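Engineer: Take a look at this one; I'll ask things after.
Each value in this text was obtained by applying a stated rule to the coordinates, not by laboratory testing. The structure presented is a predicted model; accordingly, all values stated were derived computationally and were not measured. Here the Cβ positions follow ideal geometry from the backbone for every residue, glycine too, while neighbour counts run over all protein chains shown.
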Amino acid sequence: MTNPYLPYEAEVIERIQESPTLFTLRLRFTDPSVHDAYRFAPGQFNMLYLYGVGEVPISIVSDPIDEQILDHTIRSVGRVTRGLSDLQAGDRIGVRGPYGRGWPLTVAEQRDVVVVTGGLGCAPVVSVINYIMRRRERFGTVNIVQGVKHADDFIWRERYEQWQQAPDTKVLIAADLGMPLWPWHVGHVTDLFDELQFDRERVIVMMCGPEGMMRVVVNHMQAQGVGDDDLWLSMERNMQCAVGHCGHCQYGDKFICKDGPVFCYRDIRNLFGVKGF
Amino acid sequence: MTDAVQYLERDGLQDLIQGLQKAGYHCVGPQIRDGAIVYDSISHVDQLPRGYSDHQSPGQYRLQQDDNPRCFAWANGPQAIKPYVFAAEETLWRSLRDTAGELQFTEHVVDVGPLAIIGVRACDLAALYLQDKHFLHAEPRDPGYLARRQQLLLVAVNCTHPAATCFCASTGDGPRATYGYDIVLSELDAGYLIEGRSQQGLTLLAGLPTRPATQGQLEQGDEESHQAVAHQTRRLPGHNLKQALFANLNHARWEEVAKRCLSCGNCTAVCPTCFCHAEQDRPALDGTSSDHVRQWDSCFTQGHSYIHGFTLRANTAQRYRQWLTHKLGSWHDQYGRSGCVGCGRCISWCPVGIDLTEEAAAICGDGEP
Ligand code: SF4
Ligand code: SF4
Ligand code: FES
């Protein structure tokens, strides 16, 4: 039996500074057979290991069809992520995964899609947006909504601009604090909800970011008549093992690492928003 | 009990220890260390806590010796058998770094020999069943736990002297051992009723100087079990408190218990079903390797709910609520039953004597058992 905790060596192919606190590591397993066998779905995550420091769960932002490289966009906030931020191309780390359940992309086909993110937590949904935009014909109207605190937290501007050009696609961006030449809305992301275009009978909403923001989105969508089965959220908690053993990620009866991180709202509505869980 | 029940003179237990040793088992059994009964290596029956009884109450544990001839006339000590399967600390893997910065990961193989634990109580067998569910019954299985578990032989002892803190009768887990053991003993004044369950247990039993138990001895054993039930006064206010607990997440009692609770985590450290553990890296001083180690953790610590620079359960009320709603509530969905086996350890070993049966009753109401 193989040890489920054992990482595999991966090489940093490129490091990209996305914003003052966000950076992307582009990784490849050094053992080609490991790399070839590796499969993941958008919304899943890997455990990245920094030698001598420890592991951290990071969602995978690349597209499953880009077999060459695995992208992880990371916010430098703790001991491990700060250390990862110092890495350069050629450096080695450990990677194990993928873990958890990703976005309901098969369920979403042929339907209108609303993807909402807030704060700096955009990485898990960028994978889903990329996925949808590359298979645009399989989905109905697509709404991409993102709220950030400061306009300079907004990364991947060109991608959003590109997505905006796609047919039947709406991109709505808001920053609480704007900056000169900021082309999008200044104010709260909720101000933009009225501009969303979807048929509530066939919409699916996917969101990630601060739970307070997701609560607002859920309330808004419910008021529009969207059912709990059609609301999907990516949740975050302390994670150390990623396989349902260490107990840190428990959310009521759920283990975020294996039952999530993406949940249907129906399955977590009893606890969602209760402080302390 | 059936015809299969045999009687073993008190000294015959030494033959059992020797039989186990001959069969290749390292034996551990209850012994007194620092004023408490814990498991430790044993080779002779004289090492057992003969003549000792324990007095337990909220926040209290005390041993007392008298002329009682029995070796198991006490309830349970702070340490369950958990450390023998789910080690308090364990290396999971090691990373080696060469001068070029390349990494190599090697798994740490837990290599333990056969282990026999003598004196396992019913509550701890139930806890073992739950830990098996957690670590082994879903993929991926935990390799360290599995390696230890496969080497285990369990000699259970039916409880005759429950402590005031015990409530296994109310959780349905004791005081008699009904599953999960290889051999079970019922202690009488002059010897033991002894019964094998597994093939290994039956084989060992065949080599012991036993004789069929008499009707009187069997009746005595049954009577003591009934007494052990009758002596238990604590109980949980229901078998499944999930609904009641989650319907009362804003109950004033959470804040009230938080005023007494020190958030020390003792309750989780002695609980035989708690499975939380933290992982950390321990680099060697020479910089060429680092061990990835796990250690028991507690939901009462600051770090347990840490995420992105803040602690999700910042206060004690939230932590106590997490512990109780998980133990008595969410376990039902996760593992098909409550996470409490009624051992009472968390009551005795809480420095301020918080009693979960009392807290549960205050929050859920004093329902039917
Ligand atoms: S919660 Fe307390 S009484 Fe129940 S199994 Fe754990 S330590 Fe024993
Ligand atoms: S209930 Fe008692 S043992 Fe548990 S954390 Fe609080 S003070 Fe410590
Ligand atoms: S991260 Fe360890 S149980 Fe989920």
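Engineer: Which value results for Rg/Rh of segment B:242-364 when Rg is the Cα radius of gyration and Rh the Kirkwood radius based on the inverse mean 1/r?
Structural biologist: 1.04
Engineer: Enter the angle in degrees (range 0 to 90, nearest 10) between the Cα long axis of helix A:123-134 and the first principal axis of the Cα atoms of chain A, meaning the one along which they spread out most.
Structural biologist: It works out to around 70 degrees.
Engineer: Right, here's the next one. Figure the gain on full extension for B:GLU89 and B:ASN68 (residue separation times 0.36 nm, minus the Cα-Cα span) and round it to one decimal in nm.
Structural biologist: Here the segment from B:GLU89 to B:ASN68 would lengthen by 3.8 nm.
Engineer: Can you tell me the FRET efficiency between B:GLN215 and B:ASP11 if r is taken as the Cβ-Cβ distance and R0 is 41 Å, rounded to the nearest 0.05?
Structural biologist: Details: r = 23 Å, r/R0 = 0.57.
Once rounded, the FRET efficiency stands at 0.95.
Engineer: Would you tally the net charge around A:ASP31, using a Cβ to Cβ cut-off of less than 15 Å, leaving A:ASP31 out, and scoring K and R as +1, D and E as -1? Write down the numbers at each step before the final one.
Structural biologist: On the way: positive: A:ARG28, A:ARG92, A:ARG96; negative: A:GLU9, A:GLU11, A:ASP36, A:GLU67, B:GLU102.
Within the 15 Å Cβ shell, the charges total -2.
Engineer: Give the average, rounded to an integer, of partner chain Cβ atoms located within 10 angstrom of each Cβ in B:237-247.
Structural biologist: 1
Engineer: State, to one decimal in nm, how far the label point of B:ASP46 lies from the label point of A:ARG202, with both points 7 Å from Cα in the Cβ direction.
Structural biologist: The answer from the label model is 8.6 nm.
Engineer: Within chain A, what's the longest run with no trypsin sites (Lys or Arg not before Pro) in a DSSP loop and at most 15 other beta-carbon atoms within 10 Å? Give the range, please. Let's see the in-between values first.
Structural biologist: Values: sites that count: A:ARG39, A:ARG135, A:ARG200, A:ARG202, A:ARG269, A:LYS275.
Here the longest run is A:40-134.
Engineer: If you don't mind, another one. Order by neighbour count: A:GLU161, A:GLU211, fewest other Cβ atoms within 10 Å first, most last.
Structural biologist: A:GLU161, A:GLU211
Engineer: Further question on the same structure: Please compute the contact order of segment B:6-230 in relative form: average sequence separation of alpha-carbon pairs under 8 Å and at least six residues apart, divided by the residue count, as a percent.
Structural biologist: Here the relative contact order equals 24 percent.
Engineer: While we're here: Lysines within cross-link reach of A:LYS275: Cα-Cα under 19 Å, excluding same-chain residues under 8 positions apart?
Structural biologist: Straight-line reach from A:LYS275, under 19 Å: A:LYS254, B:LYS242, B:LYS259, B:LYS327.
Engineer: Okay, next question. What is the spin-label model distance, in nm, from A:ARG159 to A:GLU137 if the labels are put 7 Å beyond Cα along the C-beta direction?
Structural biologist: 2.4
Engineer: Continuing with the same structure: Enter the mean number of other protein chain beta carbons within 10 Å of the beta carbon of each residue in A:92-104, as an integer.
Structural biologist: That works out to 1 on average.
Engineer: What is the dipole size for segment A:103-145, taken about its Cα centre, with +1 at each Lys and Arg Cβ and -1 at each Asp and Glu Cβ, in debye to the nearest 20?
Structural biologist: Dipole of segment A:103-145, to the nearest 20 debye: 120 debye.
Engineer: Note the full-extension length gain between B:ALA284 and B:VAL229 as 0.36 nm times their separation in residues minus their Cα-Cα distance, in nm to one decimal.
Structural biologist: Roughly 14.5 nm would be gained on extension.
Engineer: Nearest 20 debye, what's the magnitude of the dipole of chain B about its Cα centre given +1 on Lys and Arg Cβ and -1 on Asp and Glu Cβ?
Structural biologist: Roughly 760 debye, rounded to the nearest 20.
Engineer: Would you calculate, for chain B, the mean residue ellipticity at 222 nm contributed by helices, counting each DSSP H stretch of 4 or more residues as -39,500 (n - 2.57) and dividing by all residues, to the nearest 500?
Structural biologist: -8000 deg cm²/dmol
Engineer: Next question. Determine, from the Cβ-Cβ distance of A:ARG82 and A:ALA166 and an R0 of 30 Å, the FRET efficiency 1/(1 + (r/R0)^6), rounded to the nearest 0.05.
Structural biologist: Given R0 = 30 Å and the Cβ-Cβ separation, E is 0.25.
Engineer: Using the C-alpha atoms of segment A:105-268, what convex hull volume per residue, in cubic angstrom, is computed?
Structural biologist: Cα-based convex hull of segment A:105-268, divided per residue, equals 116 Å³.
Engineer: Sort largest first and round to whole Å: the equivalent ellipsoid semi-axes of chain A, each the square root of five times a Cα gyration tensor eigenvalue.
Structural biologist: Values: eigenvalues 173, 94, 69 Å².
Listed largest to smallest, the semi-axes of chain A are 29, 22, 19 Å.
Engineer: Could you grab the relative contact order for segment A:186-272? Cα pairs under 8 Å, six or more apart, rounded to a whole percent.
Structural biologist: Values: 90 pairs, mean separation 22.0, N = 87.
About 25 percent, as a whole number.
Engineer: R0 = 56 Å: FRET efficiency of A:ASP31 with B:SER57, Cβ-based, nearest 0.05?
Structural biologist: So, using R0 = 56 Å, E works out to roughly 0.45.
Engineer: For segment A:106-158, which GluC sites (Glu not before Pro) are in a loop by DSSP, counting at most 16 other Cβ atoms within 10 Å?
Structural biologist: Of the GluC sites (Glu not before Pro), the ones in loops of segment A:106-158 whose Cβ has at most 16 other Cβ atoms within 10 Å are A:GLU109.
Engineer: Next question. Taking every DSSP beta bridge that has both residues in segment A:152-277, what percent is antiparallel when rounded to the nearest 5?
Structural biologist: If I count the DSSP bridges inside segment A:152-277, around 45 percent turn out antiparallel.
Engineer: Under a Cβ-only charge scheme (Lys and Arg +1, Asp and Glu -1), can you give me the dipole magnitude of segment B:1-149 about the Cα centre, in debye to the nearest 20?
Structural biologist: That gives a dipole near 180 debye.
Engineer: Normalised radius of gyration for segment B:262-307, please: alpha carbon Rg relative to 2.2 N^0.38 Å, two decimal places.
Structural biologist: Normalised Rg, Cα atoms only: 1.44.
Engineer: From other protein chains only, count the Cβ atoms within 10 Å of every residue's Cβ in B:103-110, then give the mean.
Structural biologist: Taking the mean over all residues of the peptide, I get 4.
Engineer: In nm, to one decimal, how far is the modelled label at A:ARG39 from the one at B:LEU202, with both set 7 Å along Cα→Cβ?
Structural biologist: Each label point lies 7 Å from its Cα, and together they span 4.6 nm.
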